[in-house]
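What follows is a set of notes on a single structure, which appears directly below.
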Amino acid sequence: MYENTPEIYREEYRKARKIHKCCECKKDINPGQEYKYAVGKWEGEFNYYRWCLECDEIKIYIMNRFSESIIFGELLETQKELRNY
């Protein structure tokens, strides 16, 4: 994904009305489940991401504990790298 700061960015919690796929763990986000949604513009291109609340908790922990930002879609890789930290 993108490594630089987005020109425009917004994220929010949403409730699924249909099945979505978590961009991090690839598990289904089922109708009725709450999830995190982000939309932004990187390098002149708009993209959006959805991730489950379990992955959201992990992201928040890593960002707070290690002051690491996480590139969308690379949470599991970041976790593996930080286990040796």
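Each reported figure results from applying straightforward, stated rules to the coordinates on display, with no laboratory input. Please read all numbers here as calculations on a predicted model, not as lab measurements. Don't worry about glycine lacking a Cβ; one is built from the backbone with ideal geometry, like all the others, and counts go over all protein chains shown.
When the charge dipole of the chain is built from unit charges on Cβ atoms (+1 for Lys and Arg, -1 for Asp and Glu) and taken about the Cα centre, the candidate among 48, 22, 58 whose Cα reaches farthest toward its positive end is 22.
Classify the chain from the C-alpha gyration tensor, please: rounded if a/c falls under 1.5, else prolate or oblate depending on whether a/b exceeds b/c. Here the chain falls in the oblate category.
Qualifying GluC sites (Glu not before Pro) in the chain, where qualification requires a DSSP coil assignment and no more than 16 other C-beta atoms within 10 Å, comprise 3, 7, 43, 68, 74. Normalised by the number of residues in the range 34-85, the mean separation of alpha-carbon contacts (under 8 Å, six or more apart) gives a relative contact order of 24 percent. Inter-label distance, residue 5 to residue 76: 3.1 nm, where each label sits 7 Å from its Cα along the C-beta direction.
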